Amino acid sequence: MKRIAIVGSKAERRTLLANALSAMTGFEYIVNTPYSIIAYQYNLNLDKSQCQWPDSFVYCLGAFTRRVMTEQQSDESYISDGGS
């Protein structure tokens, strides 16, 4: 199993590097699910600044669940921009 996760402060640079490495290695590039999609799915406040800790917990659990599902569905090698 080979995984590459790109981390850093600038999201657009992480995405650019992840896309380039995906093209060079042939590994699948997986993207994390945006907050708005998970918030809508679990009926959370769409404004992150208005979330209370229970909403944050539900979001983290939802994001983790999607990450595990993505890992299970992908071939055993993938590249992530650090969000998955």
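Among 27, 39, 8, whose Cα projects farthest towards the positive end of the dipole of the chain, with charges put on the beta-carbon of Lys, Arg (+1) and Asp, Glu (-1)?
8
Identify the trypsin sites (Lys or Arg not before Pro) of the chain meeting these criteria: DSSP loop state and at most 16 other C-beta atoms within 10 Å of the C-beta.
Within the chain, the qualifying trypsin sites (Lys or Arg not before Pro) (loop, at most 16 other Cβ atoms within 10 Å) are 10.
If you average over every viewing direction, what projected area does the convex hull of the Cα atoms of region 2-80 give, in nm²?
Averaged projected area of region 2-80's Cα convex hull equals 5.8 nm².
Counting Lys and Arg as +1 and Asp and Glu as -1, each charge on the Cβ, what is the dipole of the chain about the Cα centre in debye, to the nearest 20?
Magnitude of the dipole: close to 200 debye.
Using the alpha-carbon atoms, what tilt in degrees (0 to 90, nearest 10) does helix 53-73 show relative to the longest principal axis of the chain?
In the chain, helix 53-73 runs at an angle near 30 degrees to the longest axis.
Each reported figure results from applying straightforward, stated rules to the coordinates on display, with no laboratory input. Treat the numbers as computed from the prediction; the structure is a model and nothing was measured. With ideal geometry, Cβ positions are generated from the backbone for all residues, glycine too; neighbour counts draw on all protein chains shown.
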